[in-house]
1. Hey, any idea what the orientation-averaged projected area of the convex hull of segment 163-248's Cα atoms comes to, in nm²?
2. How about segment 1-73: which chymotrypsin sites (Phe, Trp or Tyr not before Pro) there lie in a loop by DSSP and see at most 12 other Cβ atoms within 10 Å?
3. For V108, which sequence-distant residues (separation of 5 or more, or a different chain) have an amide H within less than 5 Å of its own amide H, given hydrogens modelled in the peptide plane?
4. Report the one residue of W199, Y47, A93 whose Cα lies farthest in the direction of the positive end of the charge dipole of the chain (charges on C-beta: Lys and Arg +1, Asp and Glu -1; origin at the Cα centre).
5. Quick one: helix 142-152 against the long Cα principal axis of the chain, what's the angle to the nearest 10°, folded into 0 to 90?
6. Quick query: amide H of F227 versus all other amide H atoms, modeled in the peptide plane; which residues come in under 5 Å with a sequence gap of 5 or more or a different chain?
7. Are there GluC sites (Glu not before Pro) in segment 18-118 that DSSP puts in a loop and that have at most 11 other Cβ atoms within 10 Å, and which ones?
8. Each residue of segment 113-119 in order: what ³J(HN,Hα) in whole Hz does its phi give by Karplus 6.51 cos²θ - 1.76 cosθ + 1.60, θ = phi - 60°, with x for Gly and Pro?
Amino acid sequence: MYDTTIIAGPESKLTLGTAQGATEVPLYSPEGMRMVASLWTKLATQYKLMYEPSWLGIPIIQFTSDMVMMQELIWKLRPDYIVECGFAHGGSAILYASICDLAGKGEVIGIDVEVRKYNRVAIESHPLSRRIRIIEQSSVDQNTAQLVQQITGGAKCVLVVLDSNHSREHVLREMELYQNLVTGGSYLVVMDGLQATVWDTPRGLPEWKDSNPLQAIEEFLARHPEFEDDPHYTRLHVTCCPHGFLRRTENRV
């Protein structure tokens, strides 16, 4: 797998050539780290590496680096509820539930407009199903948000994760609907802002450049000063959610 013939000493440089010209940076510089991380996320997206991992037997569509960061965050917060918009196979719900189980508290509320039968069966038969509640409704329906508000009302700590439709409009709508659930010191995590940077890959779509979660994050932060981007949880550089860990800096009113 690894080419042992590649020698990269302290003076090595990276050169990226494109139709617009060439960019050269020292390999071991911060710029070199950023370039390698950016190129790796493009390659990982092209080869769909986020589809490779599973968690306790259930497929989880995430980079392993983000899985580790979510583990850190959940263990630190020990939330009463984790609200996840975008359920898919349910692997991330199982990840979050497993950390809650180790912490001895917490429930995952998984929301999706459609939960396929085999995914529901896999989750409901899983040992951690007791910590997962599935809501099969649109995440951007006001009635869904109100239902989740009723369930989580009075909780001391609520964490919200957005990972469904990744258009700017949809993500911004979710952010506005669910931001009031996030308790002071907890987080609103917005996945797949990476879409803004991988539109140019062979598998990418040009429309990702013009409509993506990163745009929604920027617009949301501009009018919600009570939230701030926390770079601590993207410090591994390879992430699907750049600027996506948003910490609420004050208690909700």
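Every read-out reported here was derived from the displayed coordinates using simple, explicitly stated rules and does not represent laboratory data. These numbers come from a predicted model, not from an experiment. Heads up, the Cβs are rebuilt from the backbone with ideal geometry, glycines too, and the neighbour counts pull from every protein chain shown.
1. In nm², the orientation-averaged hull projection of segment 163-248 is 5.5.
2. Values: sites: Y2, Y28, W40, Y47, Y51, W55, F63; in loops: Y2, Y28, Y47, F63.
Qualifying residues, ordered by number: Y2, Y47.
3. Those qualifying (amide H under 5 Å, at least 5 residues apart or on another chain) are I82, I132, R133.
4. The one lying farthest along the dipole's positive direction is A93.
5. The helix 142-152 is inclined about 80 degrees to the chain.
6. So F227 has HN proximity to T249.
7. Numbers: sites: E24, E31, E72, E84, E107, E114; in loops: E114.
Loop-located and lightly packed - E114.
8. 3J(HN,Hα) across segment 113-119, in whole Hz: 5, 8, 10, 5, 3, 5, 5.
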